[in-house]
Amino acid sequence: LGATFTDMKTLPPALVSLALVPGGHSTSSDRNSNVTTAAAAAGTISASPNPVPTSAGKGVTTISWDTKTAEAGQVYVSDDGAPEKLFGSGKDGSTKVDWIQSKHHYDFRLYQGTSHAKALAEVKVMPQ
C-alpha cells in the first residue's frame, strides 16, 4: 500500500471492512437455508428444510455439502454445543437426517480434508 495507518480513522473505507474481519475476509448468510460460508472458503453446506418441522418430537432434514475442490472434506455435527462428532465425508454428498429433536440446535460444519482444522462452511439446523 505504500502507507502506514496507525488507527482505524485513517484507513481508507475499502480497507476498514477488511481490517474489521480476522483474516481479511467476510462471511455471508443465506436466510432461506441458514447457510453460512466464509467468503474466502470454497465449500458449501446446507440443510433442507431448515427450520425442521418436528411434529411428534422428531423431524427430518437433508444435509448436503460440496467442498468445491478436488479434495474430500469431512462434515461434523454438534448437538447443543457438545463436542463435534464425525457425520459424513467426501468431496460432496447428501444425507437424510431423521433424528432432529425439538428443543435442540445442531451445528453442521464442513472441514477441508481430514485434519478437522479448516472449516469451509457451516449450517445451523433448528427445529420449527
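Worth pointing out:
- Test: residue in segment 69-80 that is surrounded by fewer than 14 Cβ atoms within 10 Å (Cβ to Cβ), under 21 Å from LYS124 (Cβ atoms) and at pLDDT 95 or above: yes
- Filter result for THR61 (among the polar types (S, T, N, Q), farther than 21 Å from ALA42 by Cβ and either surrounded by fewer than 13 Cβ atoms within 10 Å (Cβ to Cβ) or at pLDDT 95 or above (or both)): yes
The values are calculated or read from the model by the stated rules, or taken from the named source; none is laboratory data. Since the model is a prediction, treat every value here as computed from it, not as a measurement. Methodologically, a virtual Cβ is constructed for each residue, glycine included, from the backbone with ideal geometry; neighbour enumeration extends over all protein chains shown.
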